[in-house]
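Read the structure below first, then the notes.
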Amino acid sequence: MADARTSGTAVTRIFSILEVNGRDEAKAFDYMRKLRGNVQLYTKSGGGGTLPVGLGQAGAGIFFIVDALDTKDKGYDVTISFPREGIGTSAEAIALIRGAKNPAAGKKLIDWASSPAMQSLFVKYKINFVPAHPDVAIDPGLAAVLKGAKIFPIDDEYAGANRKRIVERWVSDVLSYTP
């Protein structure tokens, strides 16, 4: 599993746990402390633990679907499952920064990144992202894996306003916890 100090995947995991617990921090952090006893290693990146799982060096992990499917697509014998309580989702973002040196090039990149032509490359190159553009179909293999998964959005305003505090609490209450 990933370390929330260095990984957006980990932050998404923490906010997912908070959401399924109705944002009851006491309940969510109690669960994460209990889970801590089963965590062999917190990796720097979200996908960093997929290979040890694929090699049988770790029994399980919590990853973004793109990383889990990449490991499976490389031929590793892994099973992908989802918690019955559900999983939080986040969107990849792109933005033009006010005062950028070359806003025309930035706008061109944004237009391309959000176009059907670019998002169709997800399927062609087996990048297991769900396309944001409504005219681009999701890869059938990805759709099959996600079928039946309870997926909910993470409130980005809540997460943004509380990220620093929640990650600091995770470090002090979970990462530092010795079962």
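Within 30 Å of Ile14 (Cβ to Cβ), hydrophobic (A, V, I, L, M, F, W, C) and loosely packed, with under 12 Cβ neighbours inside 10 Å: does that describe Ala117? Walk me through how you get there before you give the answer.
Values: within 30 Å of Ile14 (Cβ to Cβ): no; hydrophobic (A, V, I, L, M, F, W, C): yes; loosely packed, with under 12 Cβ neighbours inside 10 Å: yes.
Judged against the criteria, Ala117 is not a match.
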Next on the checklist: Return the residues of the range 102-138 that are touching a Pro at 6+ places or on another chain (Cβ under 6 Å) and among the aliphatic types (A, V, I, L, M); say none if nothing qualifies.
Outcome noted: Val136
Next on the checklist: I need every pair where a residue in the range 154-173 that is farther than 18 Å from Thr89 by Cβ and in the same structural domain as Arg23 (by TED's automatic domain parsing) has its Cβ under 7 Å from the Cβ of a residue that is of a type in the set (Phe, Trp, Tyr) and surrounded by 12 or more Cβ atoms within 10 Å (Cβ to Cβ), sequence separation at least 6 or different chains.
Outcome noted: Arg169/Phe29; Asp173/Phe29
Next on the checklist: Based on this model, can you work out whether Ala58 counts as surrounded by 16 or more Cβ atoms within 10 Å (Cβ to Cβ), more than 17 Å from the chain's Cα centre (by Cα), more than 17 Å from Thr6 (Cα to Cα) and free of Cβ contacts under 8 Å to residues at least 24 places away in the same chain?
Outcome noted: yes
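Per-residue answers, yes or no, for (1) at pLDDT 90 or above; (2) part of a loop (DSSP other than H, G, I, E, B); (3) of a type in the set (Val, Ile, Thr):
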residue: Asp30; (1), (2), (3): yes, no, no
residue: Gly59; (1), (2), (3): no, yes, no
residue: Gly75; (1), (2), (3): yes, yes, no
residue: Pro83; (1), (2), (3): yes, yes, no
Checklist entry - If you go through the range 85-112, how many residues are in a helix (DSSP H, G or I) and either under 26 Å from Ile154 (Cβ atoms) or at pLDDT below 95 (or both)? => result 2
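Can you find a residue in the range 86-102 that is touching a residue at least 60 places away in the same chain (Cβ under 8 Å), buried (at least 20 other Cβ atoms within 10 Å of the Cβ) and touching a Leu at 6+ places or on another chain (Cβ under 8 Å)?
Step one: of the range 86-102, the residues touching a residue at least 60 places away in the same chain (Cβ under 8 Å) are 86-90.
Checking the rest, the ones that are also buried (at least 20 other Cβ atoms within 10 Å of the Cβ) come to 87.
With the extra rule that they be touching a Leu at 6+ places or on another chain (Cβ under 8 Å), the set shrinks to none.
For the range 86-102, residues touching a residue at least 60 places away in the same chain (Cβ under 8 Å), buried (at least 20 other Cβ atoms within 10 Å of the Cβ) and touching a Leu at 6+ places or on another chain (Cβ under 8 Å): absent.
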Item to check | Any chance Leu142 is aliphatic (A, V, I, L, M), more than 23 Å from Ser16 (Cβ to Cβ) and in contact with a helix residue (DSSP H, G or I) (Cβ under 9 Å, 6 or more places away or on another chain) | outcome: no
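The values are calculated or read from the model by the stated rules, or taken from the named source; none is laboratory data. Note that the coordinates shown come from a computational prediction; the quantities given were computed from them, not determined experimentally. Here Cβ is always computed from backbone atoms with ideal geometry, including for glycine, and neighbour counts include all displayed protein chains.
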